[in-house]
Amino acid sequence: MPLGAERLVEKVADMKRYIKISIWAGCVLFLELAVYAALGLSHQPDHAASGSVLLTSKARQTHAEKAGSYEAVQKLFNARCILCHSCNNAPCQLKLTSFDGLQRGASRIEVIHPTRLQSIPPTRLGIDANSASEWHKKGFYPVADYKTNLIVPMINQKRAATPADTVAESRSCPASMKDVEDFSSSHPEKLMPYGLPLTKPEREVLVNWVDGGQRPPVKMTAKHLPPQLALQKGKWEEFLNQQDLEHRLVARYLYEHLFLASLHFSADSRQFYRIIRSRTPCSQVLDEIATRRPSDDPKENFQYCLKPSQETVVEKTLLPYLLDQAKLDKIKNLFFRSEEPWRASHWPDYQSVETTNPFVLYQDIPVRARYRFLLEDAQYHIATFIKGPVCYGRGAVSSIDEHFFVFFMNPESELMVADPGFAKASEDLLVLPCLDGSDAPLFEGPSLDEIWETVIHREGFTDKYIAARNAYVALKDKHRTAAFKEGYRLSDLWNGDGSNPNAVLTVFRHFDHSYVLKGLRGGEASSYFVLDYGLFERLVYNLVVGYDVFGNLSHQLHTRLYMEMLRREAEDNFLLFLPPLERVRLRGQWYQQELAKLEQKPFLDPDDMQFPTHIAYQSSSPADKEFVAKINGEYLSVAARGACSGAPHLEYPPLEPMAEKPARLAPFVNLFPDSSLILIASGGELKRVVTVIRDRAHSALGRFVMESSARVPEQDRLAIVDGLARLVSSTEEPPTPRP
C-alpha cells in the first residue's frame, strides 16, 4: 500500500471538516487541496509542476522537531516546498529533500536547456560531490550557511496574489541579498512558496532555526535492518559480486536496469536503497564511483553494493523494486536455468563500441532470460522512463499519447527468442543514439537556418539511425511473415503466465509528466503499444541507460527522434493484430495533420497490408475496441487483469454522466484539472476512492514541434480510475479502504 494511504480511513472524520462533495446533474464539485490536507499528504496545486506528490503522512512533532531544530525545518520543507524542490531539475537545482541538499545550495545552471550546444557536468545530489564545498566549486552558491541565509528573505509574508505565471515561468535564482531584495521588490507575488504563502507559525519555524544558529540535524544512529532483512541484503550483494564471467555479466546487466530503482527488502518497508558501484567493500563505508551513465567505465575495481537513501521520499522519483528471497530465486532461475545453459565468450570492454548496444554487449545471455526479466516487472521498467529523477519534461513526454495501453509479445512468439538467426542479424541494426555520447555532433557555427534544417531533415541522424531502423523493420517483416503465415493469434500476446498483473499496463500523460498503472485503466484508450524484446530493450537503453539529461542539444534531439521511431514501431506491432483495413483507419486517426504525416515520412512503414490476422472479429464496433474487450474478457485471467481493471462509473451510477463523454457533449470536462479525487462514502464510512483523469485529445500523436496545434479540446474526456492513481507506487495496486 502506498505510504500514507493506510491512514485514509482513519482520516474520514477529519475530511468532513475539510470537504463536501456534491454530485448533482452529473457535475462533481471537488476541493482537491482539502482532501490532501485531510489525508495528511502534501499536494502540488500547480499544473506545470504537479509531478511530485509527497509520500509521507503527517505525524506528531517528535522531540527532535522542537522549535529551532533542523528536523522541524525539514518537516516544513516536506509539507510546503519539496513538491517542486525534489528532483534533479528542481527550480535553481535547489533540492530540499535533505539537509545535504540545503547545504549544497542553488545554481543558475538549468539541468534541462533546449539549446545547450555542449553538455554540462552532472549535478546529482549524493552522487557527483560529497560536501557543500565540493558543490560550491562546481558553481553552486549557498542559500543557508553560517554566513548566508537567503531562505527567509524569499518567504512570502503576505496574502496570496493570483499567480500570473506557471511555476516554471516564475523561476528566478537570486544568489545574494541584493538579488533577493531586487526580486522581492519587483516581483513580490513570486516569493516562496509560490502562490501559497506560509502561515506565521510556519515562517517562525525557519526564523527560529536561523536565529538559533542554523544547527544541522541531530546525527541519528543508523537504522539497522532487522536480522532477516539484513541477511537478505547480504544475499543480494553476494549474488551481485560473484566473480565467474557469467555472473559478472548478469550483474552488469542487472545494474544497468536497476540503477534508478528504489530497492527494498520487504513489502512493508519504508527504507529504500540504491544499487551503486563502490570502491570499498559493501561491509565498509561506501565510496560510490560516479559515472555519467551506468554503462560508463568505472575505471577501477568495485563492488555492487546497496546504499540506503537518506532523502525524503516523493512519489515522482520513487521506483520501488522488491528484493526479497522470491525475487532472488526468480532471477537465478531466469539467468541460470539448467534447461538453457550458456557460457560467456568474453568480458566486454567498457571502452568498446558494443557497450552502447545491449544486443551486442549481452549477446551471450539468452534472449529469453533478458526478455523474461523485463516482463516480470514490466511496470517498473516502463516507469523508469515514464517517471525517473527528472520530475517534469514536456519535450520528453510529448512523444507519447495522453492515455494508452501497453501489451507484450508472448516470449514463445517473440522472434528474437524463437529465431536465433534473426536475433543475430538484428544486432548491428539496433544502434542507439548514446553511441554519440553526451556531446553528439550537430553542426558547426550554428545558425537558426541550420538548426531548422537539422530538426526537419535530421541531418547526421538519418544515415546512422533511421536507415538502420528501417532496415531492421524490413528484416523483421520478412521473418515475421515466414513465422506467422496465418497472422497473429491472441495467444501470441503474453498473458502474464496466468497470474502476473504486469501483463497489461496503462500509461497516462499530463502535459509534462506521466505515470504507469497495472491493468487496463480509465475506459477506452487513445492508442496502443505492443512491445517485443527488441522494442522493450531499446526503450530502456534509449531513454534510461543511455540518456543523459545533462547532454547537449544534439543528444536530446537524437534521443527524442529515436523515441519517435520506437513509438511508431510499437503502434505498428499492435495494428498487426487487427484486420488490414482497420490498420489504415487507425493510422489515419492517429496522424491526421499534414505536418504529422511529414514528420513520420522518413520512417519506413511495415509491409503489413499483406499480413493477415488469425483473430475473428464479429462486432460492428471498431476492431481495436473489440480486441481490447477480448483481451480483458476471454484471454486474461482475473489475476493477470489486476485488481483495478474495472470501470468504477459502471459500478457507481452517479459517476456515469461524467465518464468517457467528449467535451463537445459535456462542456464541464474542460473545467477539470489533470487529476482529481472523489471519495465515496456510505453510512458515514468511506467505501471507495476514485481518481478522475482528464484525457486531452490530439489530432496527431507525438508531435515533435507545435504540439499545441494538434490539440482537439472538444474531444477531451474524463477517465475514471479506481484508487489513488496519482499516489500509486510503481509496484503496488491502489489501496482498498478498510470497512
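No value in this document is a laboratory result; all are computed from the given coordinates. Predicted model, so just to flag it, every value in this text is computed and none were measured. Here the Cβ positions follow ideal geometry from the backbone for every residue, glycine too, while neighbour counts run over all protein chains shown.
List residues of region 225-249, by number, whose backbone nitrogen lies under 13 Å from a label position 7 Å along Cα→C-beta of Ser266.
From region 225-249, the list is 225-233.
Length gain on complete extension for the stretch Ser345 to Ala629, per 0.36 nm per residue less the alpha carbon to alpha carbon distance?
Values: separation 284, 0.36 × 284 = 102.24 nm, distance 4.61 nm.
Between Ser345 and Ala629, full extension yields 97.6 nm more.
By average Cβ neighbour count within 10 Å, what is the ranking of 248-257, 208-217, 417-426 from highest down?
Ranked by mean Cβ neighbours within 10 Å, highest first: 248-257, 417-426, 208-217.
Quick one: net charge around Glu634, please, counting Lys, Arg +1 and Asp, Glu -1 for every other residue with C-beta under 14 Å from its C-beta. Numbers along the way, then the final one.
Details: positive: Arg489, Lys630, Arg641; negative: Glu626.
Residues near Glu634 contribute +2 overall.
Please give the contour-minus-distance gain from Glu524 to Ser637: 0.36 nm per residue of separation, less the Cα-Cα distance, rounded to one decimal in nm. Walk me through the numbers on the way to the answer.
Working: separation 113, 0.36 × 113 = 40.68 nm, distance 1.98 nm.
Going from the current span to full extension adds 38.7 nm.
Please list, by residue number, every one of the chymotrypsin sites (Phe, Trp or Tyr not before Pro) in region 121-156 that is coil in DSSP and has at most 11 other beta-carbon atoms within 10 Å. Mind showing how you got there, number by number?
Working: sites: Trp135, Phe140, Tyr146; in loops: Phe140, Tyr146.
Passing both the DSSP loop test and the Cβ count: Tyr146.
Please work out how much length the chain gains when fully extended from Gln715 to Asp364, using 0.36 nm per residue of separation minus the C-alpha to C-alpha distance, in nm with one decimal.
Details: separation 351, 0.36 × 351 = 126.36 nm, distance 4.90 nm.
That works out to 121.5 nm of additional length.
Calculate the spin-label point distance for Glu181 paired with Ser352, positioning each point 7 Å from the Cα along the beta-carbon direction, and give it in nanometres.
So the label points at Ser352 and Glu181 sit 6.3 nm apart.
Can you give me the distance in nm between label points at Lys147 and Ser491, each placed 7 Å from the Cα along the Cα-to-Cβ direction?
7.4
Using packing as a proxy for protection, rank 485-493, 319-327, 178-186 so that the peptide with the highest average count of other Cβ atoms within 10 Å comes first.
Numbers: 485-493: 15.7, 319-327: 17.8, 178-186: 13.3.
Most protected by this proxy first, the peptides run 319-327, 485-493, 178-186.
Hey, which of these cross-link pairs are over 27 Å Cα-Cα: Lys330/Lys518; Lys137/Lys299; Lys219/Lys307; Lys327/Lys630?
Values: Lys330/Lys518 21 Å; Lys137/Lys299 24 Å; Lys219/Lys307 18 Å; Lys327/Lys630 31 Å.
Pairs exceeding 27 Å: Lys327/Lys630.
Testing the spin-label approximation: label points 7 Å from Cα along Cα→Cβ at Phe336 and Ile127. State their distance in nm.
2.9
For Tyr321, what residues show an amide H to amide H distance below 5 Å, using hydrogens built from the backbone and excluding near sequence neighbours?
Counting only residues 5 or more places away or on other chains, the set is Ser262, Leu263, His264.
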